[in-house]
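Only one structure is covered here, and it is reproduced in the block below.
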Amino acid sequence: MPAYRGVLHVHSTLSDGVLTPEQVRDLAVSEGLDFVVLCEHAKFLPPGRFDEAVVECARLSNETFLLILGLEFEYQGRHVLLLGPPELLREADAETVGGRPEELRARGGLTIWAHPACTYRWTLRRGLAADYDGWEVWNSGFDGPLPSLPMLDLLRKRRRSGRRMLAFAGADFHERIHALTPITHADIDSLALAALIDGLREGRCRASGGTSGSLVLMPDGDLSTLSTRERLYAWVRYCLIRGRCAGAWTKWVVVSRRGRSRGAGNPPAR
């Protein structure tokens, strides 16, 4: 069975990226990739624009390259990626994607908890309990060239307890200065949407990248051996991410309370 190479979690001008879908396709082809999975923010794609995006992705695909449209939803502080047939994506909403992913799985959908390390603490526990198909434990936009070791450890613990969830890697690509990495290697028999989603769901894939390009992340959470320096870097990066989350939460609380206090002291507008 051939192994196709591609990248998950890419943004284009269909949402908040700076490259058009065609520019993303051309960049990926120039780097020898076989597929790209766009994960555009759902709020940017109302029904009419969504249909145009599906047509555009089909136009930019051929027998040697596949451009897939996926969506990224925000639900209770978590970001969740949804892959699936266009008719499923068109009908999906944040409540179902974030809170009832098993309903989408029954209809051919695949849900992935995006950059879980960058989830606010009070919503992290709910995310751990959710029945997503997998976690994006390696997001180069937040985690850098190495996976999030704490989230990878949590995923392994849940797998040992009987939960079937897979480890995925995504680029969270927005700008040309970002890299189309980590690379996802999919062991599928054809370059088609259904075949790729089935391959990802069944764990017939692995991700590679890292500072040397030789780091491999398996879908069961198995990871190539890291040096002490790499482990230290991964943990420091994780702590910085958690610090950013804490800072953002503090700012939100301060701004919210200030707004409520001002509202209480001012007469209603006429």
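The values are calculated or read from the model by the stated rules, or taken from the named source; none is laboratory data. Here the structure is a predicted model, which is why all the values come from computation and not from measurement. When we count neighbours, we look across all protein chains shown, and the Cβ atoms used for this are built from the backbone with ideal geometry, even at glycine.
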query = If Thr13 satisfies every condition in (1) assigned to a loop (DSSP other than H, G, I, E, B); (2) in contact (Cβ under 8 Å) with a residue 40 or more places away in the chain but one, which is the exception?
reply = (2)
task = Check the stretch 123-136 and report whether any residue there is closer than 21 Å to His185 by Cβ and aliphatic (A, V, I, L, M).
result = no
query = Quick one: is Ala171 hydrophobic (A, V, I, L, M, F, W, C) and either out of contact with any Pro (no Cβ under 8 Å at 6 or more places or on another chain) or modelled with pLDDT of 95 or more (or both)?
reply = yes
task = Select from the stretch 205-221 the residues that are within 13 Å of Gly134 (Cβ to Cβ) and out of contact with any Cys (no Cβ under 8 Å at 6 or more places or on another chain) and list them in ascending order.
result = Cys205, Arg206, Ala207, Leu217, Met218, Asp220, Gly221
request  = State all residues of the stretch 113-135 that are touching a Phe, Trp or Tyr at 6+ places or on another chain (Cβ under 7 Å), touching a residue at least 60 places away in the same chain (Cβ under 8 Å) and farther than 17 Å from Lys157 by Cβ; if no residue qualifies, say none.
outcome  = Cys118, Tyr120
task = Working only within the stretch 225-239, note down all residues that are surrounded by 12 or more Cβ atoms within 10 Å (Cβ to Cβ), assigned to a helix (DSSP H, G or I) and either free of Cβ contacts under 8 Å to residues at least 12 places away in the same chain or not basic (Lys, Arg) (or both).
result = Glu230, Tyr233, Ala234, Trp235, Tyr238
query = Does Gly108 meet the test of being over 23 Å from Ala192 (Cα atoms) and modelled with pLDDT of 95 or more?
reply = no
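Here's the yes/no breakdown for (1) in a helix (DSSP H, G or I); (2) aliphatic (A, V, I, L, M); (3) over 16 Å from the mean Cα position of the chain (by Cα); (4) at pLDDT 95 or above:
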position	(1), (2), (3), (4)
Gly144	no, no, no, no
Pro150	yes, no, yes, no
Arg159	yes, no, yes, yes
Thr184	no, no, no, yes
Gly199	yes, no, yes, yes
inquiry  = Scan the stretch 206-217 and tell me whether some residue there is touching a Lys or Arg at 6+ places or on another chain (Cβ under 9 Å), surrounded by 22 or more Cβ atoms within 10 Å (Cβ to Cβ) and not in a helix (DSSP H, G or I).
reply    = yes
inquiry  = Quick check on the stretch 64-95: of everything there that is in contact with a strand residue (DSSP E or B) (Cβ under 9 Å, 6 or more places away or on another chain) and assigned to a helix (DSSP H, G or I), which residue is surrounded by the most Cβ atoms within 10 Å (Cβ to Cβ)?
reply    = Leu89
Residue that is farthest from Val137 (Cα to Cα) [pool: residues in the stretch 97-126 that are buried (at least 20 other Cβ atoms within 10 Å of the Cβ), of a type in the set (Val, Ile, Thr) and more than 12 Å from the chain's Cα centre (by Cα)] = Val97
key: Residue list for the stretch 28-63, restricted to those being of a type in the set (Val, Ile, Thr) and either part of a strand (DSSP E or B) or within 18 Å of Ala94 (Cβ to Cβ) (or both)   = Val36, Val37
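Just checking, how many residues over the stretch 174-194 are aliphatic (A, V, I, L, M) and free of Cβ contacts under 8 Å to residues at least 60 places away in the same chain?
Total meeting the criteria: 2.
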inquiry  = If the requirement is being modelled with pLDDT of 95 or more, more than 21 Å from Glu72 (Cα to Cα) and more than 16 Å from the chain's Cα centre (by Cα), which of these qualifies: Leu215, Leu193, Leu226?
reply    = Leu215
